Structures are given as C-alpha cells and as structure tokens.
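Read through the structure below, which is laid out as structure tokens, and then see the notes.
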Amino acid sequence: MESCDLLDHVARNDERAFGRLYERFADRIFRYALTLLRNRHLAEEVVQETMIAIWKNAESFGGRSQVSTWIFGIARNQAYTLLRREVAGERRSVEKLFLPDPAEEVEREEQVRAAMSALPVGQREVVFLAFYEGLSYGEIARILAVPEGTVKSRMYHAKQKLAGALT
Amino acid sequence: MTDCAKIRELLSWYANKTLSRGEAQAVAQHLASCSACRDELAQIVQLMWEFNATFAQMPSAPKKTWDKVIASTRGIAITQLDVGSFLLGISLGLSVPRTGLPRVRSDLRFFGQKIKLFDNQKGGTQ
C-alpha cells in the first residue's frame, strides 16, 4: 500500500495502517533527527512526537506534496522545537552520528563520517535529504521552508567542503 | 552566472535522478561538451554513493519507541470491559491520553472482525 493510502487509513483511525506507516518511516525520521540533533534521546523524542502529530493530523494532509515531504517537514519542526528547548534549558550532549563498527572500520569511512559531522547543520540536512532520501531540491525546499535557490546553494557549498575534506 | 555554474548547482539532483525532464536534458546536453562538469558529476556520484552507505549505518529507532507512541495515542488504559466471545462480543474501553479529553471507545467483535461502534476521538461513531 502506498504511503498516501496508509495516511488516508490513519485519518480514519486505523491503528494497523498507523503501525505500517511507523515501520516505513520511524528509522528514516530517527536518522534525519540524528543528523540534525546528534543526540539519540532527542532523536527518539522527535520520532515519537512526529508520529503522534501524524496520528492527530493525518486528515489535514492535503496531498499537495509527497507524504515523505510532509512527514519530514513535521519531523524538522519537532527537532527544532526540541533544539530550542534544549538551548534554553540544559545543554545537550553531542554524540557521534554513527555507530562505530570495529570489524568493518576503514580509514575512508571514518573520513566520510568526520567530513559529514563537520558540516553546518543546514548543509548536513540537505545532503541527508538529497543523498539518502533521494529528494528533489523542490521537496527539500518545502521541508526546510526556504527558497529552492537556498537549497541548491547549501548543497553546492556542502559538496565543496566534502570534496575538500575527502581528497 | 556561467553555464557551468548553473549546471553544477543541479548536478547533485541530476545524480539522484530527481530533476524535471527539461532540466535533466539541459544538464545532459551540457555534460556532453564539458569535461570539467563531467568530472564534477563523477565526484558527486562517488560522494553520494559513500554518504548513502554511511547514512545507512546510522542506528535505527529504538524498539521501545513504538510502545511510547501507541501509549500516547491510545492513552493510559483506565478500564477495559469485554463481554461475549471471540465470535461475538462487545468491548468498552476508557483511557486517558497524555493531553486532551479522556477517550471512550467501543468495538463489536463479529466472527473475528472488529467493528468500531463508538470512539469519541478521531472519527467518532461509524
């Protein structure tokens, strides 16, 4: 079943469809939140709050964008709400974005991780959404609520930094 | 902005195949005659491949997250009353969500099928 059909069922209070939507998006939201926040506890909270918001607001999805664009937009808002709360309150601990795997760890992989972690958050999320989620610059602009030119520019500068760090 | 500069802004999305047909054709035409932009594209494809693999190694959402989500949407169960059997029966539940009004729902079980009779939240009576 397509995500938009699942969302339609969720709007009609179908918990099974909600479970399937969760299976489809939880890890993707978690990784996106981790890319933004670099904190596993906060990323888990983003998944929770995003899914609750989807449950409550599924009927408001107008179909004007892809479901993933709508969901990542919600996740981003949740992540930044948490971030503001954390900045206003206690300091959050910044974790490594990736789980080290000693058996498969190679120097190049470590360099890639370090280069990604060194990017400013605005560029990091564009790289995540374009390279991992495979989204268009238009969809990313809608998620980030910025002009398309800003998305292109962030990607261009991110690519310059990454290429510089990895060559 | 030069042709190369305009094209290079689009190369990441040419690589992830999300450009419109017109944009993709314009990029392809430019690439056919510009070796510098072809080199740039090769670099982006390599980066995309490496980052895709790296992002895929990031941890998954903890297993307990779903329990927290469903507890929050259903609320804390205060009482659940079931009458009848698996084939024919009725259930009435009262729960308190984290925010908002208490939720009252009732279902009819009929030969293994669950039919919602009443729910004062999201959808209401069907």
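The values are calculated or read from the model by the stated rules, or taken from the named source; none is laboratory data. None of these values were measured; they are calculated from a predicted model. We place every Cβ from the backbone using ideal geometry, glycine too, and count neighbours over all the protein chains shown. We work out accessible area using only protein heavy atoms, side chains counted, and drop any ligands, DNA or RNA first. Shrake-Rupley method; radii C 1.70, N 1.55, O 1.52, S 1.80 Å.
The order of A:124, A:38, A:85, A:31 by accessible area, most exposed first and with a 1.4 Å probe, is A:85, A:38, A:31, A:124.
Relative contact order of chain A, please, whole-number percent, based on alpha carbon pairs below 8 angstrom and at least 6 residues apart. Relative contact order comes out at 22 percent.
Reported to the nearest whole Å, the Cα centre-to-centre distance from segment B:14-75 to segment A:125-147 is 9.
For the protein assembly as shown, what value does the Rg/Rh ratio take when both radii are computed over Cα atoms and Rh is the Kirkwood radius, given to two decimals?
Details: Rg = 22.8 Å, Rh = 21.4 Å.
Ratio of gyration radius to Kirkwood radius: 1.07.
Dipole orientation for the protein assembly as shown: of the candidates B:62, B:115, A:121, B:115 has the Cα lying most toward the positive pole (charges on Cβ; Lys, Arg +1; Asp, Glu -1).
Here segment A:98-167 is assigned +1 on the Cβ of each Lys and Arg and -1 on the Cβ of each Asp and Glu. Its dipole about the Cα centre then comes out at about 480 debye. Assuming charge only on the beta carbon of Lys and Arg (+1) and of Asp and Glu (-1), the dipole of segment A:1-84 about its Cα centre is about 360 debye to the nearest 20. Largest first, the three principal axis extents of the alpha carbons in chain A are 51, 37, 33 Å in whole numbers. For residue A:56, a cut-off of 27 angstrom between C-alpha atoms picks up these lysines, skipping any fewer than 8 places away in its own chain: B:63, B:64, B:68, B:114, B:116, B:122.
In the protein assembly as shown, a dipole from Cβ-located charges (positive for Lys and Arg, negative for Asp and Glu) runs towards its positive end, and of A:112, A:79, B:29 it is A:79 whose Cα lies farthest in that direction. Each Lys and Arg contributes +1 and each Asp and Glu -1, all at the Cβ; summed about the Cα centre of the protein assembly as shown, the dipole is approximately 740 debye. Per-residue ellipticity at 222 nm computed for chain A from its helices equals -23000 deg cm²/dmol, with DSSP H segments shorter than 4 residues left out and the rest contributing -39,500 (n - 2.57).
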